[in-house]
Each structure stands twice: as structure tokens, then as C-alpha cells.
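The values are calculated or read from the model by the stated rules, or taken from the named source; none is laboratory data. Predicted model only: the values in this text are computed from it and were never measured. Quick reminder, even Gly has a Cβ in these numbers, built from the backbone with ideal geometry, and neighbours come from all protein chains shown.
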Amino acid sequence: MTQKRKAFVAGATGYTGQQVVRILAAQGVEVVAHVRPDSASLQRWRDQFEGQGAQVDTTAWEPAAMRQTLADIGPDLVFCLIGTTRARDRQSEADAGYEAIDFGLTRLLVEACAESAPAARFVYLSALGVRPGSRSAYYRARWKAEEAVRASGLAYLIARPGLITGPDREESRPLERVAGVVSGALFKGVRALGGKTLYDAYAPTDAQELGGALVRRALEASEDALVVEPPQLRQERPQA
């Protein structure tokens, strides 16, 4: 009898994270959705995730606590889908922006996983264009996070999607939404004219498509080290 797969999802309440939890649960994976213990919407998330068949975990973002949680769960997959926005980073204190969240919390989770669940595959949601030496604080933090994943000794999947947006996104990002609509229409025209390769590489994606692709790639992965970009992060919409 095949043992049921287990997944821990950090960033479960985000745009992509919600879809990853839903799709994993629908595919019979035992899912633990992480929600910040101080979340003002904790009950809402508990109702949503438990209604989908997932468990909810509220472990504090502290090394010892996260190590213990992962040891208790024993996941096969650990998804790291966390991040902050540029607006939040500008308004935050020096210790609470891209460096502390996009890099710092990712490193914390990587190290906890390496110690307490070393057989798990670590799935990190990065971004298209991440590279060393970038002038952007966001990309610098993401590159450092990727480096922490690569140096961990864990099997990993690093995903670098392009623009992630859609009309179902709850968080208000008007400029991103406009960019998504305009570029989406542009690339649909390009595809209609035969430019499928260009469309697959650069057109925006929404959380349902990306979440489905992440789950599929993570469940099917056999290589220890994978870095995927569009078009490998596109697929037919999941039916679950």
C-alpha cells in the first residue's frame, strides 16, 4: 500500500498558497497549512482550509518551534510561498522588509527542514529574473533565499514564475492588476498570431494555474535539484 504523501505549506494564506493547499488536498495529499498565530483572520483561514480537508498549524516563526513542528509532521514536501510587498517593505522597519521576510523567514524554514525533515523536498516560490548582483532589494533577497535553499542539502524545486495576478486576487495591487490585464491581452494576441513560445515565457499567470503547476512539479519530481521557469510553470487548469 502506497503511503499517503504529506505537505507543509508556509504562506498558505497568500494568493498562490491558497490554491496550493486546495489542490494538494483535492489530490489526496495530507496537507498542513501554516497560518501566522497572530493573524486577525485565523478563524476564517481555519474554516477555509479545514473545509478543504487540510489541517491548520499556527507555529510561531521561531527556529526551535518550527523545527519541532516539522519533526512532528514528517512532511514529504515543504512549500515556502512567503513574501512581502514593495509597499509594505517601504513602510516597515529595517528588520521587517524583504531581508527579514523574503530571505530571513525562508532561511529559517530551510534550516528547520534540513534538521527535522531532511528527506523532504523543499519547494521555493521565487521570481522570474532573480539573479546575483541585482540592484533591486527584492531580487537580492530572493537570490539569497535561493542560495540558502541550494546550500541546504535538501532536494529542492525552485520555481521562478513571471507576473502572478488575476481578478480573484484579494490583496489590492492596482498597478499590478493593470499590468496584468494589459500584458495578458497583448500576449493573447501574440499567441493568436502563432507566438505560443513567447506567450508561454512571458504572459502573466494566475494562482490557479501556477498552484496546479507547482503541485504537479513537486509531486512528479525525481531530480534532487530543479529550477523551473515559464513555460514549465504553465498547465491546463486543474479540475479539482
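So which residues in the stretch 63-86 are part of a loop (DSSP other than H, G, I, E, B) and either free of Cβ contacts under 8 Å to residues at least 40 places away in the same chain or of a type in the set (S, T, Y) (or both), if there are any at all?
T84, T85
Being surrounded by 19 or more Cβ atoms within 10 Å (Cβ to Cβ) and not in a helix (DSSP H, G or I) is the filter here, so list the residues in the stretch 112-132 that pass it.
A117, A120, R121, F122, V123, Y124, L125, S126, A127, V130
Might you let me know whether the stretch 133-145 holds any residue that is modelled with pLDDT of 90 or more, touching a Leu at 6+ places or on another chain (Cβ under 9 Å), crowded, with 18+ Cβ neighbours inside 10 Å and over 22 Å from L233 (Cα atoms)?
Taking every residue of the stretch 133-145 in turn, none turns out to be modelled with pLDDT of 90 or more, touching a Leu at 6+ places or on another chain (Cβ under 9 Å), crowded, with 18+ Cβ neighbours inside 10 Å and over 22 Å from L233 (Cα atoms).
When you check R67 against the structure, is it more than 24 Å from R217 (Cα to Cα), basic (K, R) and surrounded by 19 or more Cβ atoms within 10 Å (Cβ to Cβ), yes or no?
Criteria met by R67.
Here is a list of conditions, (1) more than 17 Å from M66 (Cβ to Cβ); (2) at pLDDT 50 or above; (3) touching a Ser or Thr at 6+ places or on another chain (Cβ under 7 Å), and V110 meets all of them except one; can you say which number that is?
Against the list (1) more than 17 Å from M66 (Cβ to Cβ); (2) at pLDDT 50 or above; (3) touching a Ser or Thr at 6+ places or on another chain (Cβ under 7 Å), V110 comes up short only on (1).
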